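First comes the structure, then the notes that go with it.
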Amino acid sequence: MATRQNLAALRVLVIDVIDMDTIDVTNLNRQFLFSESDVGKAKASVAAEFVNKRVPGVKVVPHVSAIQDMSDDFYERFNIVICGLDSVEARRWINAKIVGLVDDNDPTTIRPLIDGGTEGLRGQVRVILPTITACYECSLDMIAPQKTYPLCTIAATPRLPEHCIEWALVVGWPQWHSELFDADRPDHMQEMYERALERAKEHCISGVTLSLTQGVVKHIIPAIASTNAIVASACCTEAFKLATAIAPPLDNYMTYAGNDGAHAYPFSLDARPDCPVCGGEALRVDLAKSATLSDLLESIAVQAPKASISAASGPLYMRNPPVLEKATRANLTKPLSELFESGSELVVTDATLPFSLRVTVRFSQDDHR
Ligand SMILES: [Zn+2]
């Protein structure tokens, strides 16, 4: 949001903005283009209207849509793409799309991708020059897994209010309900809170509240408007430098930490030759000969959380359609050596990814895992 205000002030002439969300009352404290009368309207449309009125000579074109619904023709129109996305999945998608549009013989198809994100008092900005610098996918394994608590702690020795909430979510809910927990349903959330509170009382733990329950089950980190403003202005400064060449752009990653004093730290990430998006090589995985297909899927879970996998001989495991899933399920527990030879190249697909992943699996000599 702050990005849009800044870009307009820099006199970027045409800004297309894509956002599928509508304005919620909880957005108003940090998304300054919106006011109470806008609640329920599309974010993209209201933001566009505001900036178009406020900054003469700038044209903002709204698109109320998911980024995944826009065609290649749409993305090919732009010189620079700036993202403020809310998930790893969406970032991987746009990264693969923009890298995929590069034609090696036409440098104008290298569209800089600027990505900004915040988490509470921390933030990061990166500038991706597709096929030149590291892309988003190159550094996928840098992403820290979500904070979780060991199951033994939450089940046996809870000490924190968070342990009680996590227990109600992971252990309790599946016992009480056949229906999956839905964090967007107020009745589910209320029950989760009450159950967690009950458990906390049994263990003499205080501090379970409804808002903590919401935070833990949704893994919410509160958004802080001023951190967003810092990251948004850094994104816009990079766009401005790239558009005008008045100064070298960020090479290629900057973290901002406001949670530990305040400092910004820029560093250069290297592109990975085995990056499935911008590198040419297949991802290499080494596993013991006795490892099963399940073990293999687990070892690539960061890259492909819902992977289907095929060898040259045919499908090894397919998540869809159900009939194929059933037919290939038995392979999951088989040792890899029964399914293919060491050094084989496999193809991994995942419904959340706009590309397929090539993986070369080698069996290690000794069988100790
Ligand atoms: Zn890459």
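Here are the numbers for this structure:
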| read-out | value |
| --- | --- |
| Test result for Ser211, modelled with pLDDT of 85 or more, assigned to a helix (DSSP H, G or I) and within 16 Å of the ligand (Cβ to nearest atom) | no |
| Residue in the stretch 130-137 that is within 19 Å of Tyr265 (Cα to Cα), touching a Cys at 6+ places or on another chain (Cβ under 6 Å) and either within 16 Å of the ligand (Cβ to nearest atom) or part of a loop (DSSP other than H, G, I, E, B) (or both) present | yes |
| Selection count, the stretch 264-294, where residues are over 19 Å from Tyr136 (Cα atoms), free of Cβ contacts under 8 Å to residues at least 40 places away in the same chain and of a type in the set (Asp, Glu) | 0 |
| Positions within the stretch 218-249 being touching a residue at least 24 places away in the same chain (Cβ under 8 Å), in contact with a helix residue (DSSP H, G or I) (Cβ under 7 Å, 6 or more places away or on another chain) and open to solvent by 30 Å² or more (accessible area, probe 1.4 Å), in sequence order | Asn228, Ala229, Ser233, Pro249 |
| Test result for Ser37, more than 24 Å from Leu242 (Cβ to Cβ) and part of a loop (DSSP other than H, G, I, E, B) | no |
| Residue in the stretch 153-166 that is assigned to a loop (DSSP other than H, G, I, E, B), surrounded by 14 or more Cβ atoms within 10 Å (Cβ to Cβ) and out of contact with any strand residue (DSSP E or B) (no Cβ under 7 Å at 6 or more places or on another chain) present | yes |
| Hits in the stretch 55-70 (condition: loosely packed, with under 13 Cβ neighbours inside 10 Å and either free of Cβ contacts under 8 Å to residues at least 12 places away in the same chain or in a helix (DSSP H, G or I) (or both)) | Pro56, Asp69 |
| Where Ser337 falls short, out of the listed (1) of a type in the set (Gly, Ala, Ser); (2) touching a Lys or Arg at 6+ places or on another chain (Cβ under 8 Å); (3) within 23 Å of Pro354 (Cα to Cα) | (3) |
| Residue pairs meeting the criteria (Cβ under 8 Å; at least 6 apart or on separate chains; first at positive phi and at pLDDT below 95, in the stretch 122-139; second open to solvent by 10 Å² or more (accessible area, probe 1.4 Å) and not aliphatic (A, V, I, L, M)) | Thr131/Asp104; Thr131/Cys278 |
| Which listed residue is surrounded by fewer than 18 Cβ atoms within 10 Å (Cβ to Cβ), more than 22 Å from Arg92 (Cα to Cα) and under 20 Å from the mean Cα position of the chain (by Cα), from Gly207, Gly215, Gly258 | Gly215 |
| Candidates Ala301, Ala327, Ala307, Ala311, filtered to the one that is among the aliphatic types (A, V, I, L, M), away from the ligand (no atom under 16 Å from the Cβ) and open to solvent by 70 Å² or more (accessible area, probe 1.4 Å) | Ala327 |
| All positions within the stretch 71-120 that are assigned to a loop (DSSP other than H, G, I, E, B) and without any contact (Cβ under 8 Å) to a residue 40 or more places away in the chain | Ser71, Leu85, Asp86, Ser87, Leu101, Val102, Asp104, Asn105, Ile110, Arg111 |
| Selected residue (criterion: farthest from Asp86 (Cα to Cα)) from residues of the stretch 1-20 that are open to solvent by 70 Å² or more (accessible area, probe 1.4 Å) and at pLDDT 85 or above | Val14 |
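The values are calculated or read from the model by the stated rules, or taken from the named source; none is laboratory data. Here the structure is a predicted model, which means the values were calculated and not measured. All Cβ positions, glycine included, derive from the backbone under ideal geometry; neighbour counts span all protein chains shown. All accessible areas refer to the heavy atoms of the entire protein, side chains included, with ligands and DNA or RNA removed. Shrake-Rupley method; radii C 1.70, N 1.55, O 1.52, S 1.80 Å.
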